[in-house]
Structures are given as structure tokens and as C-alpha cells.
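A short write-up of the structure that comes next.
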Amino acid sequence: RQSEAEAAFADMRSSFNKERLQLIQAEADARQEVTDLTDERDDAVRAKRAAEAKLEGALNDLNTLDRKLIDAETAAHEARRREADARREASQQRRDAGQYRERADE
């Protein structure tokens, strides 16, 4: 009977040790999963920061282009204004020259 009890105790101990090893492995697997997920999160955070920096750079480039476009439009408007002024001045000079000729012919 004692050997039956010892055998039963040995079986229980063996089962307990197997279950304990399974729990230890499950804990190790869970810790590894946490580590993997943390690494993924850290990678995602880095990627997000890189994307934000790239976006900020693109927005700065866009703002620079907007300022250049405004400057070019302003310069074009100014050139058109100067051209119109020059045409008016030339027309006025032609009228004045015509009047001088008429007076000289009289």
C-alpha cells in the first residue's frame, strides 16, 4: 500500500511539475509577446514621428512655394502696371508731338 501511495504521490508530483513547466512557458511566451508588441509600438511611434517631420517639411516647402507664387504674381502685376504707364506716357508724348507739329505748321 505504501508503494501505491508513493506511486500516486510521484504521479501527482510529475503532473504538478508538468503543469508548472507549462505555466512557466506560458509566462515566458506572454512576456515575449509583450516585448514584441512594445517593439512594434515603438516602431510605430518612430514611423509616426518621421511621417510628421516629413509632413512638416512638405508644409514648409508648400508655404515657401506659396510665397514665391505671391511674389511672382506681384512682380507680374507691377510689370503690367509699368507697361500700361509706359503706353500711356508714349501715347501722351505722341499727342504732344502732334500738337507741336500742328503749331509749327501754323
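The values are calculated or read from the model by the stated rules, or taken from the named source; none is laboratory data. Quick caveat, the model's predicted, so the values are computed rather than measured. Ideal geometry is used to build each Cβ from the backbone, glycine not excepted, and the neighbour counts take in all protein chains shown.
Table: residues versus (1) assigned to a helix (DSSP H, G or I); (2) more than 38 Å from the chain's Cα centre (by Cα); (3) at pLDDT 95 or above.
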| residue | (1), (2), (3) |
| --- | --- |
| Phe9 | yes, yes, no |
| Asn17 | yes, yes, yes |
| Leu21 | yes, yes, yes |
| Ile24 | yes, yes, yes |
| Glu27 | yes, yes, yes |
| Glu33 | yes, no, yes |
| Leu37 | yes, no, yes |
| Lys48 | yes, no, yes |
| Leu59 | yes, no, yes |
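Residues to consider are Ala104, Ala53; find the one that is part of a helix (DSSP H, G or I) and surrounded by 10 or more Cβ atoms within 10 Å (Cβ to Cβ). Exactly one of Ala104, Ala53 is part of a helix (DSSP H, G or I) and surrounded by 10 or more Cβ atoms within 10 Å (Cβ to Cβ), namely Ala53.
Out of curiosity, is Ser3 hydroxyl-bearing (Ser, Thr, Tyr) and exposed (fewer than 10 other Cβ atoms within 10 Å of the Cβ)? For Ser3, the condition - hydroxyl-bearing (Ser, Thr, Tyr) and exposed (fewer than 10 other Cβ atoms within 10 Å of the Cβ) - is met.
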